[in-house]
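Data first, discussion second: the structure below is written as structure tokens.
The values are calculated or read from the model by the stated rules, or taken from the named source; none is laboratory data. Bear in mind that the values here come from a model prediction, so they are computed numbers and not experimental data. Methodologically, a virtual Cβ is constructed for each residue, glycine included, from the backbone with ideal geometry; neighbour enumeration extends over all protein chains shown. These accessible areas exclude ligands, DNA and RNA; they are computed on the full protein's heavy atoms, side chains included. Shrake-Rupley method; radii C 1.70, N 1.55, O 1.52, S 1.80 Å.
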Amino acid sequence: MTEGADATGPRHRHLPSMLKVGVIGFGGGSALIPVLERELVGRRGGLDERTFTQDTVIANITPGALPTKLAALSGVQVGGPVTAVLGAILVSLPGAALTVALLAFFAALGPTGIRTIEYASIGITAFILVLLYRYVAKVLRGRGVAYALIALAAFALTGTEKVLLLVTDVTGRRLADVPELSALQLVVLAIAVIAVVSAVQRLRRGPGEREEGRPSDPRRALVGAGLAAALVVVAIGGAFLLGAEPGALLGLVGFSTLSSFGGGEAYTGVADGFFVSGGLVEQSVFYGQIVPVSNALPGPTLVKLASAVSYAVGSDVGGAALGIALAAAAFLTTTGVCCVVALGALAGYDRARNSLFVRNLGDYILPVICGLLASVAVSIVHSGLRIAGEAGVPGPLAIVGVLALALLAALVHRTGRLPDIAIILAGGALSLAVLLALQG
């Protein structure tokens, strides 16, 4: 943490910042790393680069929703346990609430409501592309060839197949399938390599040399984990008061969150196994309503999907009131579980933060994250291509349009004359207007 990280300013700004990220958080968990960095690092947010890198590592190697975990990790450091839990709730709330609201009015809105959000999301994610580029450029600038090669290798391991799929959709020609690593697999591989290098360095130091530094106090992180665990107990206990079936559903929600490594995309498969294959939600409802609505909205996909599934199950059994109650309980359960996992990991991580391995991890995990973010950028462009294609825009023109929006956002952002939220809203309005005009 930077000096003054415990000052009143960062603590009070943390919660509005997390709500802001929750509102503009299109593009998935990893895509929000630069967005969160802008809000959390420096005098405004109260964290230094090394602490934010540490939090990013913890968020990537633990199960659950990445933005929710980063909000909790940063919150406990700038404000304490209560700030951690409230920050995690606020970064997750807008997307989950909007998802349930759209499902509640789905019959009236039909596919038009989802289409409107998707069209606007292209302009919004164009700004996310700008932040991704700026973050990667900042990390790699002046770091030397080795850093760039690590980032390139990470991109090749996680993004080659994404690039080939993008080219296939543009050209119509199916290219070879290339196996790729998930975000979790990439980070675990990087940690293993760094551990081996650190062990070799420690042996070369000799037995007489000690690593500097003292472990920090993990109590605040453990208190935060305890508060989040209490939140989970209250949510699941409240569901059991409504009946054995609602309680069992919330138990599955909590367990599915613990089983979800690799972000929101991975949780879609987890949710299918827990809720669709288990007969709780019809496949047509899950893939025809829940998944499209949640993907079209900002915020952590895991929290949105769990809340939406619980709403669908509850409303089917006992009407809209029960659906909303179960969605709220699922929201608190998933958010709480994410906080427990992340803060518990932070408590253990803090004990070793001054070790050679942890210092190497902080130094060399950043280019790996940069390679991962480059893969995320390809996925964002591919998503825009798919959405624009539904409006009848040819593939090459769609890619040019997405990149042109990103360039325009970058130019406006560079002037510093407009706040980020104004650029985001303008981009969303522009892409919505253009695609509606082309469709109509």
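Numbers at a glance
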read-out	value
Check on Arg173, modelled with pLDDT under 85, basic (Lys, Arg), assigned to a helix (DSSP H, G or I) and surrounded by fewer than 16 Cβ atoms within 10 Å (Cβ to Cβ)	no
Residue among Pro67, Pro34, Pro63 that is under 13 Å from the mean Cα position of the chain (by Cα) and part of a loop (DSSP other than H, G, I, E, B)	Pro63
Selection count, the range 382-415, where residues are free of Cβ contacts under 8 Å to residues at least 24 places away in the same chain and hydroxyl-bearing (Ser, Thr, Tyr)	1
Looking only at the range 317-343, and only at residues there that are surrounded by 24 or more Cβ atoms within 10 Å (Cβ to Cβ) and small (Gly, Ala, Ser), the one that is nearest to the chain's Cα centre (by Cα)	Ala342
Test: residue in the range 109-116 that is open to solvent by 20 Å² or more (accessible area, probe 1.4 Å) and of a type in the set (Ser, Thr, Tyr)	yes
Residue list for the range 134-170, restricted to those being free of Cβ contacts under 8 Å to residues at least 40 places away in the same chain and either at positive phi or not aliphatic (A, V, I, L, M) (or both)	Lys138, Arg141, Gly142, Gly144, Thr160, Glu161, Thr168
Residue match in the range 67-79 (condition: basic (Lys, Arg) and closer than 15 Å to Leu343 by Cβ)	yes
Residues being charged (D, E, K, R), more than 16 Å from Ser383 (Cβ to Cβ) and surrounded by 14 or more Cβ atoms within 10 Å (Cβ to Cβ) - total across the range 141-169	1
Only one of Leu407, Leu425, Leu373 that is modelled with pLDDT of 90 or more and either open to solvent by 70 Å² or more (accessible area, probe 1.4 Å) or out of contact with any strand residue (DSSP E or B) (no Cβ under 6 Å at 6 or more places or on another chain) (or both)	Leu407
Restricting the range 260-300 to residues that are over 23 Å from Pro246 (Cβ atoms) and at pLDDT 80 or above, the residue that is nearest to the chain's Cα centre (by Cα)	Gly299
Index of the failed condition, Phe240 passing every other in (1) crowded, with 18+ Cβ neighbours inside 10 Å; (2) modelled with pLDDT of 90 or more; (3) farther than 30 Å from Ile122 by Cα	(1)
Residue count, the range 367-406 (criterion: under 17 Å from the mean Cα position of the chain (by Cα) and under 16 Å from Ala156 (Cα atoms))	12
Candidate set: the range 18-53, residues that are in contact (Cβ under 8 Å) with a residue 60 or more places away in the chain and of a type in the set (S, T, N, Q); chosen: the one farthest from Ala97 (Cα to Cα)	Thr53
Residue match in the range 77-95 (condition: in contact with a strand residue (DSSP E or B) (Cβ under 9 Å, 6 or more places away or on another chain) and either buried (at least 24 other Cβ atoms within 10 Å of the Cβ) or farther than 21 Å from Arg359 by Cα (or both))	yes
Total residues in the range 10-23, condition surrounded by fewer than 22 Cβ atoms within 10 Å (Cβ to Cβ) and either out of contact with any Lys or Arg (no Cβ under 9 Å at 6 or more places or on another chain) or outside any helix (DSSP H, G or I) (or both)	7
Single match in Leu436, Leu418 (criterion: in contact (Cβ under 8 Å) with a residue 40 or more places away in the chain and either surrounded by fewer than 18 Cβ atoms within 10 Å (Cβ to Cβ) or part of a helix (DSSP H, G or I) (or both))	Leu436
Close pairs (8 angstrom Cβ cut-off, 6 or more residues apart or separate chains): under 13 Å from Ala104 (Cα atoms) in the range 301-325, of a type in the set (Asp, Glu) and in a helix (DSSP H, G or I) anywhere	Gly323/Asp316
Residue among Leu280, Leu305, Leu346 that alone is open to solvent by 20 Å² or more (accessible area, probe 1.4 Å) and either within 28 Å of Pro81 (Cα to Cα) or not small (Gly, Ala, Ser) (or both)	Leu280
